[in-house]
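I have placed the structure first, in the form of structure tokens, so that the comments after it can refer back to it.
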Amino acid sequence: MRKTTLARILPVAMLALGSGSAAAAGFQLLEQNASGIGNAYAGSAAVAENASTIYFNPAGMTQLQARELSVGLSLVRPSFKFTDQGSDAGVLSGGAQDAGDWAALPNAYLSWSLNEDVYLGIGLGAPFGLITEYNRDWVGSAHSIKFDIKTYNINPSIAWRVNEKVSLGFGLNWQRMEAEYVRRAGIYPAPIAGRPLSTSFATLDADDDSWGWNVGALFSVSEATKFGVSYRSTVKHKLEGSLSVDGPVPAFNAAATSGAYADVELPDTFILSATHRLDPKWELLGDLSWTGWSSIDKVDINRSSGTLAQRLDTDFQDTWRVAVGANYQLNDAWKLKFGLAYDETPVKNAEKRLTSLPDNDRIWFSFGGQWKPTRASTLDLGAAYLYVDDTRINNGSAADPSKGLVKGEYDSSVVILGAQYSMSF
């Protein structure tokens, strides 16, 4: 089986953007900085320790120096080991071993103050992403061979310090989404055991540019305690491109190839965070977040003529994520970070689980360290292990029996390593 490349480095002008498989539930990418990894992203909307607050809560820019730059890189190693437990896909019987490999996700942020109360900033990142790729003869190849989602997000933002206790922030998001979906298709040759074995392959290539927005507020209750709240809107994409078919029958290829489009509404998110300094050594952090995954009830891939070519019956549910963390100030130069989180999957059950997204609930175990070599520079290092419970799949489409039944279990986990460099100037 080909290894699944679940993330990629994409060099881009100005700095770098990345897309890949989400370590968070669904195909959301929490790795919008690496400095939050050590705390499992607890306190994300309240901590405001570097310019990456632009993504999690733009109001946090008022806590920064006059000009700050932050760049980071997260290395992600997912593992997805599939065991067949009674799949029925005609003569297709190829197995799947570990479908994961190391991958990278970069980020970059810049903030600067117009005056002591108004700050501007810009962030570059990829809030959603997914790549899963199987060999072409595996048992589920009529469901998916390759599923590749990329997003690129540019997030100009503004923050206003209302007074010493309250700051507000707002951002716009220009977002590009690209999708590639490959699977077996067609009814050639004749049906085998009641199911057609296709030697043709269909590929969807589509993309779209769209806009969203985000807002946030930061409340400094005391010198020791801060609360943050933030919201990121849905982003509606109308992906347009082509549906192409290749295989041994030219007439079928020509008849099945056409323009195509699909509507996808990426979910909104809400975060409530808090940080509290117990004493000069210890700080506690907490996070409660909600993601509106039910905006993706199904994905219809339509031909340009308006006829339905393929339906992904996602039927996602809204999800919650809870995270707690702690920091320990070891000395003037070093701070130690710890975190624990529970992350709920949007996938309802084994029957709704897709081979392109074998997702399940996960628990984060995180730790990290922060080193300040100078007053103006900081290096954050973080690591996390994500435990994923055994993940059952029992997906067979009554509407399209040619796809067959994929039945089995995934043994999954994720390892994340990250580094973030921040500086004021």
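Are there any GluC sites (Glu not before Pro) in the stretch 319-414 that are in a DSSP loop and have at most 15 other Cβ atoms within 10 Å? List them by number.
Working: sites: Glu344, Glu351, Glu409; in loops: Glu344, Glu351.
When the GluC sites (Glu not before Pro) of the stretch 319-414 are filtered for loop state and at most 15 Cβ neighbours within 10 Å, Glu351 remain.
Between Thr225 and Lys372, what is the label-to-label distance in nm when each label sits 7 Å out along the Cα-to-Cβ direction?
In this crude label model, Thr225 to Lys372 measures out at 2.4 nm.
Below 8 Å between Cα atoms, with a sequence gap of 6+, how large is the relative contact order for the stretch 196-238 in percent? Display every interim value, and only then the final one.
Details: 39 pairs, mean separation 16.9, N = 43.
Relative CO of the stretch 196-238 lands at 39 percent.
For the stretch 232-366, calculate the relative contact order in percent as a whole number, restricting contacts to Cα pairs under 8 Å that are 6 or more residues apart.
Numbers: 290 pairs, mean separation 24.1, N = 135.
In percent, rounded to a whole number, it is 18.
Rounded to the nearest 500, what is the 222 nm mean residue ellipticity of the chain from helices alone, with -39500 (n - 2.57) per DSSP H run of 4+ residues and division by all residues? Don't jump to the answer; show the numbers that get you there.
Details: 2 runs with 11 residues, N = 425.
Value at 222 nm, helices only, nearest 500: -500 deg cm²/dmol.
Run the simple label-point estimate for Asp300 and Asp389 please: 7 Å along Cα→C-beta, distance reported in nm.
Distance between label points: 3.4 nm.
Put +1 on the Cβ of each Lys and Arg and -1 on the Cβ of each Asp and Glu in the chain; which of Trp320, Gly418, Ala262 then has its Cα farthest toward the positive end of the dipole?
Positive-end residue among those listed: Gly418.
Between Gln65 and Asp101, with labels modelled 7 Å along Cα→Cβ, what's the label distance in nm to one decimal, could you check?
4.0 nm
Which of the lysines could a cross-linker bridge to Lys372, judged by Cα under 24 Å and excluding same-chain residues fewer than eight apart?
Hits, sequence-local ones excluded: Lys226, Lys281, Lys335, Lys337.
Which whole-angstrom value gives the distance between the alpha carbon centres of the stretch 59-110 and the stretch 314-348?
The stretch 59-110 and the stretch 314-348 have Cα centres separated by 16 Å.
Mind ordering 112-120, 125-133 by average Cβ neighbours within 10 Å, highest first? Let's see the in-between values first.
On the way: 112-120: 14.9, 125-133: 23.9.
By packing density, highest mean first, the sequence is 125-133, 112-120.
At a threshold of 8 angstrom on Cα-Cα distance, excluding pairs fewer than six apart, so keeping six or more, what relative contact order does the chain reach in percent? Before the final figure, lay out each step's value.
Values: 1438 pairs, mean separation 82.1, N = 425.
That works out to 19 percent.
Under a cut-off of 22 Å between alpha-carbon atoms, report the lysines in cross-link reach of Lys146, not counting same-chain residues fewer than 8 places apart.
Within the straight-line limit of under 22 Å, Lys146 reaches these lysines: Lys3, Lys81, Lys238, Lys298, Lys352, Lys403, Lys407.
Spelling out what I want: for every residue of the stretch 270-284, take phi, set θ = phi - 60°, compute 6.51 cos²θ - 1.76 cosθ + 1.60 (Karplus), and round to whole Hz; glycine and proline get x.
So the J values, rounded to whole Hz, are 10, 10, 10, 10, 8, 10, 9, 8, 6, 7, x, 9, 10, 9, 9.
Tell me the Rg and the Dmax, in Å, that the Cα atoms of the stretch 337-425 produce.
Gyration radius and largest Cα-Cα distance of the stretch 337-425: 19.7, 64 Å.
If Rh is defined by the Kirkwood formula over all Cα pairs and Rg also comes from Cα, what ratio Rg/Rh do you get for the chain? Could you put the intermediate results ahead of the total?
Numbers: Rg = 22.7 Å, Rh = 22.3 Å.
Result for the chain is an Rg/Rh of 1.02.
Just so you know, all these numbers are worked out from the coordinates, no wet-lab data involved. Computed from a predicted structure; not experimentally measured. No Cβ is skipped: glycine too gets one built from the backbone with ideal geometry, and neighbour counts run over all protein chains shown.
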